[in-house]
Amino acid sequence: MNTLPKTGAVIFTGNSHRELAQLISSRLGVALGDADVFQKSNRETMVNIADSVRGKDVFIIQTATKDVNNDIMELLVMAYACKTSSARKIIGVIPYLPYCKQSKMRKRGAIVSKLLAKMMCRAGITHLITMDLPQKEIQGFFDVPVDNLRASSFLLNYVRTSIPDYTNAVIVAKNPGTAKRAQSFAERLRLGLAVIHGVQKEAESDEVDGRHSPPPIISRTYDPSSEFEGVPVMAAKEKPPMNIVGDVGGRIAIIVVRTKKLQ
């Protein structure tokens, strides 16, 4: 079934996941646009758009893989090539948005997802379609409309149809960071919730006993008897041994983990 705009549309894809692009184009009943995306001997990204995109809506399908930086450059160069070729709209279809996990300031780091959003908008992308952003606030980094689709409905339907006794299951968050997502699944399936907290205990042979470590550095702490007041030292964080918060005995455990990049 062809649901593309009547004004004319073209679908292009980079090298990140051509199989996905072919499945989408076959579902829509249209052929992929003719675009040659390759790297030169010095690993510079080259893009040659063979089809005319003047006045058309262009869909660029690109996702994040292990070679994420090259995937980003392919997307940016393709979008800019379509922009300079007078495309009407440029819609980026990015199932897994690169650098979406780096959306918060950490010490002297950077909010890389905001930097990438600005680069994509400047390259010419006028609309973005992505899935399951870890933080909804990432949509505010973009100056263009963002459609954040959810795959949870398909996952929930799979649980209901593929697990015969799913009512006896419990949703388990692999770590506290996924507890919010696990809670959403548990409420929709009307199941219990459990959370794995802590780290796995190391074997006795792997424990660090300090025999090969340098002597500890004595830091200043607050001493009322001293002439000058020192700065209190914050205690280092230490995770407790791994344990499960919640009842999982005799039940089917459905573990919720973080979203991973397409390989």
Close lysine pairs (the stretch 79-133; alpha-carbon distance under 26 Å; 8 or more apart or on separate chains) counted at 9
Of the options LEU155, MET120, GLN135, report the single residue whose Cα projects farthest towards the positive end of the charge dipole of the stretch 36-163 (beta-carbon charges: Lys, Arg +1; Asp, Glu -1). GLN135
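Quick note: the coordinates plus some simple rules give every number you see, no bench work behind them. Since we're looking at a predicted model, the values are computed, not measured. Cβ coordinates were reconstructed from backbone atoms using ideal geometry, including for glycine residues, and neighbour counts include every protein chain displayed.
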